[in-house]
1. Return the residues of region 156-182 that are surrounded by fewer than 17 Cβ atoms within 10 Å (Cβ to Cβ) and under 17 Å from the mean Cα position of the chain (by Cα); say none if nothing qualifies.
2. Out of everything in region 77-96 that is touching a strand residue (DSSP E or B) at 6+ places or on another chain (Cβ under 9 Å) and assigned to a loop (DSSP other than H, G, I, E, B), what residue ends up being farthest from residue 36 (Cα to Cα)?
3. Considering (1) buried (at least 20 other Cβ atoms within 10 Å of the Cβ); (2) in a helix (DSSP H, G or I); (3) out of contact with any helix residue (DSSP H, G or I) (no Cβ under 6 Å at 6 or more places or on another chain), say which one residue 185 fails and leave the rest.
4. Could you list, in sequence order, the residues of region 45-57 that are surrounded by fewer than 16 Cβ atoms within 10 Å (Cβ to Cβ) and in contact with a helix residue (DSSP H, G or I) (Cβ under 7 Å, 6 or more places away or on another chain)?
5. Within region 361-380, work out how many residues are surrounded by fewer than 20 Cβ atoms within 10 Å (Cβ to Cβ) and either over 21 Å from residue 454 (Cα atoms) or modelled with pLDDT under 85 (or both).
6. Name the single residue, out of those in region 263-287 being touching a helix residue (DSSP H, G or I) at 6+ places or on another chain (Cβ under 8 Å) and within 20 Å of residue 334 (Cβ to Cβ), that is modelled with the lowest pLDDT.
7. Do we find that residue 390 is surrounded by 14 or more Cβ atoms within 10 Å (Cβ to Cβ), touching a helix residue (DSSP H, G or I) at 6+ places or on another chain (Cβ under 7 Å), closer than 29 Å to residue 311 by Cβ and modelled with pLDDT under 80 in this structure?
């Protein structure tokens with residue numbers, strides 16, 4: 001006779017160990033603390049082995065799975081679906097090879113991807129991420145003709161770049177996922193207005209559009225009045241005029257942000273703005289006075305918390321730094337083209353900061369310059385010291401040229417010890433020079449990590465900083 005509780009306990013322990021062994025044998029990873037599995041399956045045989053073990057594992061909540069064999073069929077996706085129905089997985093990230101062949105779909109009546117729709121619709125799935133979605137994902141499923149209910153879904157992320165027939169299918173998907181709290185869509189610029197036209201009427205959560213891996217735009221849910229207007233957007237400027245007040249994040253790395261679009265956004269901001277993140281990176285074309293004026297107006301009328309300004313070779317862009325609304329800024333990054341821009345940048349920041357009566361609540365500051373021609377001047381060092389001492393910084397990145405003596409001076413004078421994270425670019429210094437920097441740090445500190453770019457760091461130095469409870473990290 002065996003106690004049923006002991007039997008169940010032993011059975012579950014054996015199943016858990018068998019699952020660990022299977023994941024390891026197939027080259028996957030299993031983080032038992034959060035119940036997350038990452039697995040790449042290279043054949044249907046491997047899939048069968050993994051699915052059999054997964055069905056008996058009760059501790060997997062997050063699953064990232066990649067099906068890499070060439071011809072993923074309806075039966076392959078059905079097998080995945082049937083397995084997931086027997087598990088506790090609530091967070092799923094799926095990736096499969098892009099397949100454009102139509103041969104198999106003739107036999108299954110173009111419903112190859114219906115099992116994936118079933119997975120999205122399963123009540124236990126709260127988060128679904130579909131990376132590298134196949135070209136015909138929407139076209140070869142019966143999404144539009146089904147009675148779908150995705151009300152359990154809280155997060156949805158789909159790579160739309162390679163997809164066909166996006167508009168009506170995405171609209172159907174979003175319309176039946178009324179409880180979404182966030183959505184991310186990977187797109188090309190040319191797709192933006194078409195995609196947003198499809199979902200705007202049913203948008204109930206923030207939508208983040210990404211171009212490659214970078215956030216290009218985030219739009220908050222529009223008002224009921226805006227949704228009911230059902231305006232067909234013509235271009236980006238039109239989108240800004242209609243929904244400009246609901247845009248939360250913008251990245252000007254996009255080629256499509258022309259003068260007309262920025263003018264439209266500036267006009268919309270006059271009636272209020274939800275903008276919190278404004279990034280201007282890799283904008284190589286000359287902006288011109290009117291464009292810069294619109295950028296200044298947008299930032300001034302918004303409660304921007306995260307600001308990234310790339311100056312390039314256009315000196316006029318420094319005007320943007322002179323108009324920063326310090327009341328709201330928490331994270332600021334400035335990238336320079338040349339070292340001789342440092343003094344003007346720091347002076348602009350200090351001058352604008354001194355106009356604020358209250359202490360600036362800036363938490364993160366980074367200044368980056370690709371050039372390594374000159375070292376920081378005494379005046380620049382003094383301006384940097386003044387700026388840092390006037391803010392409530394926790395993260396500081398100085399990715400600019402400094403001689404070793406200046407590094408030692410800076411680490412002593414800018415109160416590095418009240419920071420949590422400090423990144424410093426070195427000029428390929430040796431471990432002995434690294435030691436000089438480390439020795440200059442006091443023992444009492446809030447510092448958690450130090451990144452020394454281009455530095456030679458020894459294991460002994462890493463261990464030395466551990467005694468101060470500081471992580472010393474090389475960063476190439």
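The values are calculated or read from the model by the stated rules, or taken from the named source; none is laboratory data. Computed from a prediction, not measured in an experiment: that's the story for all the values here. With ideal geometry, Cβ positions are generated from the backbone for all residues, glycine too; neighbour counts draw on all protein chains shown.
1. Within region 156-182, 181, 182 qualify.
2. Per the criteria, the residue is 87.
3. Result: residue 185 passes all but (2).
4. Passing the criteria: only 49.
5. Adding up the residues that qualify gives 12.
6. 287
7. no
Each row is one residue, and each column tells you yes or no for (1) modelled with pLDDT under 85; (2) more than 33 Å from the chain's Cα centre (by Cα); (3) surrounded by 18 or more Cβ atoms within 10 Å (Cβ to Cβ).
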| site | (1), (2), (3) |
| --- | --- |
| 404 | yes, yes, no |
| 413 | yes, yes, no |
| 423 | no, no, yes |
| 431 | yes, yes, no |
| 439 | yes, yes, no |
| 442 | yes, yes, no |
| 454 | yes, no, no |
| 458 | no, no, no |
